[in-house]
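Each value in this text was obtained by applying a stated rule to the coordinates, not by laboratory testing. Quantities reported herein were computed from a predicted structural model and do not represent experimental measurements. Here the Cβ positions follow ideal geometry from the backbone for every residue, glycine too, while neighbour counts run over all protein chains shown.
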Amino acid sequence: MSLAPQDFFPAIAPWVATLDDTFPGAWVKPYFAQWEVLHLLSIALLGGASILLNLRLIGYGLTDETPAEVERNVRPWMHLGVAGVIVTGLLIGASNAERLYTSEAFTAKMLGLAAAIVLTYGVAMPAARRDGALGGAGRLWALAGLAIFALGLLVFGVSKLVNPGLWHVITAAALVVLFVTRGLTRILYLTGLVALIAVQWVMTHLVIPPDDFARLDPANKAFAWVFAAWVLGAAVVQVVTAGRSGGAGAATKGLAYAALLVWVMTAAAGRWIAFA
Amino acid sequence: MLRDFLVWLATRLGKGPGEYDLSWSEALAGSLNFWGLLEGTHVLALMLFAGTIFLVDLRLLGVAFKKTPVSVISDRVLPLTVAGFLLMVLTGVALFYAKPLVYYHNLWFRLKLVFLALALINILVFHWRVQRNRHDWDAAPRPPAPARISATVSILAWVAVITFGRFIAYDWYECGKPLPRWANAAQECATSDRGAIDLEDMPQ
């Protein structure tokens, strides 16, 4: 079973086939690389804004300022980055529409983008404006955003040739937890992480021959689950033990992790469109 | 000499005794997913590295975090930037190692390195000269001209690094194609496996 856009919207195939021959796709096509650069710069800009905002909610980074002050300062750059990603994405998508139409990674990317916008504009930014307090609307947006994020992760995870890209999300989560943990928690977490990396290397290079893909595939998937569980466990310990940061309680902190990682998933799925 | 070293890296280092055994470089380039993960991580690290350095530079330009002292932004944000930079360098070196000769003869890769060097020199100049009197303007909403110039150079240099980095994937100036003489010279195409074909020498 495929989860590419063509499987959900088969009726639009003739229209998709014309997109790169008509405006704006035909207009963008000769300058595809240049528009890609603008797409990357927009991702970088919104990435920086999202990292500073969500890390502050988690209790790391610009802790000298209130979450509201951090939000006020990153807001214009977040807007610019998100608008840039959407506009340039639409343009390069129009010039490359048939490729995207048949790509499962693109489905994951679109779900990720929707979840990222919901979690950023419906949850993280409003919560930061209230110095970490989640409002009633924020809780509803959080449920919607997390549900779409989970769906995106599911599509990413079950798509053949694309799902190795989920390691980007696990790696990013591992780094965020490494940044924000302290003292003994950080030492134990890092030790476990290094041990897991060593065990995975031994298993996938010495125990299982590197060319035995039939055994490597399930082994690497099992390791992905173990890594994810280890990182998630450490994040839960950090959220529970670090106390309140400004007005951000455990729920806001957990959602800040999600609001940050959902952008990573979106960007990772976008990159893996090119690989599968 | 440098090219000979890269040929050894690409074809000899880690190669087994068999005729069809791969070198480590070839194995990395031909890996099913690892090369993609490296390349993806290199691109995604832009969010951490470029995203945070842009915001530090915007503070130095006086357009973001105007009420926050520059020292606070530096102390709190630059560790993230450094982590992102290390990630980019590690993955970048591994990507280069996978296809050293392709990158060596690539115009965009060479331009990327030039602007990378410029960005790093700018960081050194900022640390050793521009911010020597930082305590005088640490809390100023709009830092003095030298700091703003340094921030502008930083943003432009990193934008150039990202731009040329993206262009590496395109074969507009690939050695072996009919190219302007300057492009063949700039990429040392004559010493590449594909050779140099001057556009000017082609029959019209």
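Please build a GNM for chain B, connecting alpha carbons under 10 Å apart, and tell me which residue among B:21, B:171, B:138 fluctuates the most. Between B:21, B:171, B:138, it is B:21 that shows the largest mean-square fluctuation.
Helix-only estimate, please: 222 nm mean residue ellipticity of the protein assembly as shown, summing -39500 (n - 2.57) across DSSP H runs of length 4 or more and dividing by its residues, to the nearest 500. Walk me through the numbers before you get to the answer.
Numbers: 22 runs with 336 residues, N = 480.
For the protein assembly as shown, the value works out to -23000 deg cm²/dmol.
Across peptide A:30-41, how many C-beta atoms of other chains are within 10 Å of each residue C-beta, on average? Mind showing how you got there, number by number?
Values: counts 0, 0, 1, 7, 3, 0, 5, 7, 2, 1, 9, 9.
That works out to 4 on average.
Separation of the alpha carbons by more than 28 angstrom is noted, of A:109/A:221; A:160/B:99; B:66/B:112; A:253/B:67; A:29/A:109, for B:66/B:112. Across the stretch A:172-179, coupling constants 3J(HN,Hα) worked out from phi with the 6.51/-1.76/1.60 Karplus curve, θ = phi - 60°, read 5, 4, 4, 5, 4, 5, 4, 4 Hz, and Gly and Pro carry x.
Sum up the charges of everything whose Cβ sits under 14 Å from the Cβ of residue A:129, counting Lys and Arg as +1 and Asp and Glu as -1, but leave residue A:129 out.
Working: positive: A:56, A:72, A:75, A:130; negative: A:65, A:69, A:71, A:131.
Here the count lands on 0.
So for the stretch B:33-170, Kirkwood radius off the Cα pairs, Stokes-Einstein at 25 °C and 0.890 mPa s: how many µm² s⁻¹? The partial results should precede the final answer.
Working: Rh = 15.9 Å.
Translational diffusion coefficient: 155 µm²/s.
When chain A is treated as a GNM with alpha-carbon contacts under 10 Å, the residue of A:85, A:207, A:28 showing the greatest mean-square fluctuation is A:207. Projected label points at residue A:188 and residue A:133, each 7 Å from Cα along the beta carbon direction, are separated by 3.4 nanometres. Tell me, which longest segment in chain B has none of the chymotrypsin sites (Phe, Trp or Tyr not before Pro) that fall in DSSP loops with at most 16 further Cβ atoms within 10 Å? With a cap of 16 other Cβ atoms within 10 Å, the longest stretch comes to B:21-169. Distance between the C-alpha centres of the stretch B:99-176 and the stretch A:118-185: 31 Å, rounded to the whole angstrom.
Would you mind calculating the gained length between residue B:132 and residue B:31 on full extension (0.36 nm times residue separation, minus the Cα-Cα distance), in nm to one decimal? If you can, show how the numbers build up before the last one.
Numbers: separation 101, 0.36 × 101 = 36.36 nm, distance 4.79 nm.
Length gained, residue B:132 through residue B:31: 31.6 nm.
Among B:184, B:106, B:33, whose mean-square fluctuation peaks in a Gaussian network model of chain B (Cα, cutoff 10 Å)? Residue with maximal mean-square fluctuation among B:184, B:106, B:33: B:33. Here chain A is scanned for trypsin sites (Lys or Arg not before Pro) in DSSP loops (not H, G, I, E, B) that have at most 14 other Cβ atoms within 10 Å, and the longest stretch holding none of them is A:1-159. Built from the Cα atoms of the protein assembly as shown, the convex hull projects on average onto 26.7 nm², one quarter of its surface area. At each listed q (0.13 Å⁻¹), what is the log10 of I(q)/I(0) that the Debye formula gives for the stretch B:1-85 modelled as equal alpha-carbon point scatterers? Cα-only, vacuum Debye calculation for the stretch B:1-85: -0.64.
Of the peptides A:78-84, A:116-122, how do they stack up when ordered by the mean number of other Cβ atoms within 10 Å, highest first?
On the way: A:78-84: 18.4, A:116-122: 22.3.
So the order, starting with the most tightly packed, is A:116-122, A:78-84.
Counting only other chains, what is the mean number of Cβ atoms within 10 angstrom of the Cβ of each residue in peptide B:33-39?
Numbers: counts 10, 3, 1, 11, 9, 0, 3.
For peptide B:33-39, the averaged partner shielding equals 5.
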